[in-house]
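Since the structure comes first, as structure tokens, the remarks are kept for the end.
Laboratory data are not the source of any read-out in this text; all were calculated from the coordinates shown. All values derive from a computational prediction rather than experimental measurement. With ideal geometry, Cβ positions are generated from the backbone for all residues, glycine too; neighbour counts draw on all protein chains shown.
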Amino acid sequence: MSAFLMTLSALMLDYFMGEPRKVWDRYPHPATLMGRAINWLDEVLNKGSQRKLRGFFAVAILVLIALIPGLIIEKLNNIPILEYAVNVLEIIMAAVLIAHRSLIEHVRDVAIALQSSLHKGRNAVSMIVGRDTGQMTESDVSRAAIESAAENFSDAVVAPVFWFLILGLPGILIYKMINTADSMIGYENEEYADFGFAAARLDDVLNWLPARISAVLICSANFGQGAFEVVIEDADLHRSPNAGWPESAMAGVLNVALAGPRSYNGQMSDDLFINSHGKRDLQASDIQHSVKVLNRTWFGLAGLFALLTLVFYII
């Protein structure tokens, strides 16, 4: 089975199945297992001196934990009688690690909650962002949700697809492990500035190209000619080397201002606005529009892989 067809199949399976609660209520999700491994290494290694070196060692262990099962499964693919079954298993595992359906549901939940009340909107957005939410206005909640939608489309959809296409099952497993590690220990605070350094930097490397591909996909699928200009001018204004790309694309397509000052642990940042001339008074309807943008982008991505699959089998 071609890599294009397997990737398309994984995308479709995630889109239509998402994350069935009946399955993950009974069995631990792979991301949960990865989180347990990261927590264990954090407890064992994140102490004493040489924490940055210990962090590199932890990342090496995490890469091996992800790499070994991926390689074993791919080796089984060389056995003719098992080839079809192994391909199906790889597609299912990739679909589990691609999270478009889950992303859309979480972002849409914020819009629904915000339409009900500001308090519920704050609670809902606190589930998907790390900034302070207690004093957020309706516009703050909406902006945070839209930013999360754009950034996570790169992290949770495009990057896993990219590494699955390039390196197969080992690639997507390693990416997901490092991305999970970055979300857990990749903070620039006293506890993790040294120990989480390696995880954060490797996550930046693994997301560098997918983030830029995401920006192109968002602009192209939504016919945002002006959005390309916003990306070129403002992507580098973001504090992250990668998040600014999909966020600036989303800002351009919706013609809204994203990023800007926000509160972390009671301290306001001095972040610049992306697309500063765009609409700043945001509301729940803008969140819903961002969901539509991501769905159109997903269809563009799936259509691209369908075309690549067709060309592969014709040639």
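Residue pairs whose Cβ atoms lie under 7 Å apart, separated by 6 or more positions or on different chains, with the first residue in the stretch 164-178 and without any contact (Cβ under 8 Å) to a residue 24 or more places away in the chain and the second outside any helix (DSSP H, G or I) and surrounded by fewer than 20 Cβ atoms within 10 Å (Cβ to Cβ), do not occur. Checked against (1) closer than 23 Å to residue 161 by Cβ; (2) in a loop (DSSP other than H, G, I, E, B); (3) not aromatic (Phe, Trp, Tyr), residue 26 meets all criteria but (1).
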